[in-house]
Structure formats: C-alpha cells, structure tokens
Amino acid sequence: MLHLKVFTNNGQQSAVEKPWRDQKWNEEHMGVMRQSLETYKPNRSQNVRTANILLLGQIGAGKSSFFNTVNSIFRGKITSQACIGSFGHSVTLKFNPMVPFTYHTPGYIKNPALENKIHCVAFVIDGSTVDEMSDKILKQLKDLQITVNQRGLPQIVLLTKVDKICPDVNADVTKTFTSSAVCSAVEKVANIMGLPRARVFPVKNYENETGLVVGINILVLEAMKRCLDLADDFIEEQV
Ligand SMILES: Nc1nc2c(ncn2[C@@H]2O[C@H](COP(=O)(O)OP(=O)(O)O)[C@@H](O)[C@H]2O)c(=O)[nH]1
Ligand SMILES: [Mg+2]
C-alpha cells in the first residue's frame, strides 16, 4: 500500500511524507560512501587504472562546480580548483568537464586504448531551468546523447541546483526526496533523456557554502557511486 500525504501551500510547493527515493542522510553513511569511492579501483581490468567520466552540459549548468564539489568532499574542505584536471591525491577518478567534445578537442586520441576512453557520461542539467528548456537546448542535448548512445556509453544525469527548485530543499538539502518539485523535475528530465528515473541524481553543488555539509556530500557521492558502477560495467564488457 502506498501512503502519501501531500501538503500544499498556495498550489506551488508541496512535500510528500514518504520519500520518493530511499536515502540515508547520516554522517556515518557519508563516511562509508566516501571511503568506498576513495578506495575505488576499476574492477577486473589490469589495464584500466582510472575511470574516466565525461561531464556534458550547457554553459552554466554546473559542471565546474560539480567537479569542485567532488574535489572539496575528498579534500575535506571547500576548494575551487582549476576547471579541468584530476583529483589531488587520487588517481582513480578523472573528469573532463570540457564541452563540446569533438574530434578537434585538444587531447583527442584517435582509436584510444580502453584506459583512455570515456567510461561513463554524466549529463549535467540545471534543475532550475528544466521547465523552461528551449527547443534549441533540447535538441543539443538529444544530439549529444545520440553520439553517446552510438558509443554504447552508460549515462547518468546530474540534476544540479536543487536548492533553486524548492525552498524546503534550499533550507535543508535532506528534504530533496520528499520534495514534489524535485520529484517532478527528475521525472521530466528522465522523460526528456529517455532514461530511468533512477539514473537522474538531484545534486547541490558547493557555491555559497563556507563549510562542508553532510547532505550535500551524500547527494554527490550517491551520484558518483552510480557513475563508477556503470563505468565498471562498461569496462568489464570491453575486456
Ligand atoms: N544555487 C546553486 N548554484 C549553482 C549550483 N551549481 C552551480 N551553481 C552556480 O551556477 C553557475 C554556473 O556554474 P558552473 O559550474 O560555472 O557551470 P559550468 O559552465 O557548467 O561549468 C555558477 O554561478 C555556480 O555558482 C547549485 O547546485 N546551486
Ligand atoms: Mg565550467
């Protein structure tokens, strides 16, 4: 039986009592997640030492911020490093937040070894603009996705700026999965991208914070974990 209670106020915001996605929010869970990502190594493949994740999305979607947020989580403090690079002490994760990615992109390798290939794509979509995405932007996204699909690459969506979708979430990020506004943004993006809802990860990037926040870390770590699991699957299928 599904028990839902919807609280509505001026028809705009509503919260559901039962979360629409299960999520642990405690510090211990965050520690476990962080630890497991810190020690992550791509599975069962001697030649691939790092998982390469490509962040794709519009300018302003939050790619650099996401990169910096992940970096901050692993450094244990807020950092804003260069936009492109890899994590300070970890060689297991590499991001390339560059967009658009074409044959003319510096560093493009023709016929790369598996180690140098992209292993998972994360589409970065600004959650606060989901309701007003222009046809042009939608087409760009779908075109990018066609290329990604042709390469058989696994995909997730990082739905950024959840704080701007819902005031409750802005006040407390642990309200993400009881927010019906976030829920419908996730549904909408899943439909647009033709992906299961479980592939869409609402996240909040560090932008105005002066210290780390457990809930923010957890949202980002959950997305990273799924991305790396998918990267693993992809790597295993190739060898
Ligand atoms: N409120 C809020 N602002 C964000 C978030 N993520 C990014 N931003 C802001 O959005 C703007 C664009 O972000 P940026 O990372 O530069 O986007 P990029 O062009 O995709 O690299 C910056 O002003 C960020 O501070 C978020 O989760 N919440
Ligand atoms: Mg950027």
### Query
Among the residues of the range 157-171, is any buried (at least 19 other Cβ atoms within 10 Å of the Cβ), more than 16 Å from ligand 1 (Cβ to nearest atom) and assigned to a helix (DSSP H, G or I)?
no
#### Entry: Any pair with Cβ under 7 angstrom, 6 or more apart, that starts in the range 127-145 at a residue that is closer than 18 Å to Gly194 by Cβ and ends at one that is within 16 Å of ligand 2 (Cβ to nearest atom) and among the aliphatic types (A, V, I, L, M)
Leu144/Leu56
## Note on the structure
When restricted to Lys175, Lys139, Lys161, the only residue of a type in the set (Lys, Arg) and farther than 18 Å from Val200 by Cα is Lys139
## Note on the structure
All conditions in (1) closer than 30 Å to Arg75 by Cα; (2) aliphatic (A, V, I, L, M); (3) in a loop (DSSP other than H, G, I, E, B) are true of Val220 except (3)
### Message
Just checking, does the range 193-211 include any residue being over 19 Å from Ala61 (Cα atoms), among the acidic types (Asp, Glu) and in contact (Cβ under 8 Å) with a residue 60 or more places away in the chain?
### Response
no
### Summary
Phe201 meets each of (1) modelled with pLDDT of 95 or more; (2) in a loop (DSSP other than H, G, I, E, B); (3) not acidic (Asp, Glu) with one exception, condition (2)
### Query
Is it the case that some residue within the range 6-26 is modelled with pLDDT of 95 or more, touching a Ser or Thr at 6+ places or on another chain (Cβ under 7 Å) and more than 16 Å from ligand 2 (Cβ to nearest atom)?
yes
## Note on the structure
Subset of the range 35-66, residues in a helix (DSSP H, G or I) and either among the β-branched types (Val, Ile, Thr) or within 13 Å of ligand 2 (Cβ to nearest atom) (or both), comes to Lys63, Ser64, Ser65, Phe66
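Here is a check on your reading of the model: is Val189 more than 23 Å from His29 (Cα to Cα) and crowded, with 21+ Cβ neighbours inside 10 Å? Break it down stepwise before answering.
Numbers: more than 23 Å from His29 (Cα to Cα): yes; crowded, with 21+ Cβ neighbours inside 10 Å: yes.
Criteria met by Val189.
The values are calculated or read from the model by the stated rules, or taken from the named source; none is laboratory data. No experiment lies behind these values; they were computed from the predicted model shown. With ideal geometry, Cβ positions are generated from the backbone for all residues, glycine too; neighbour counts draw on all protein chains shown.
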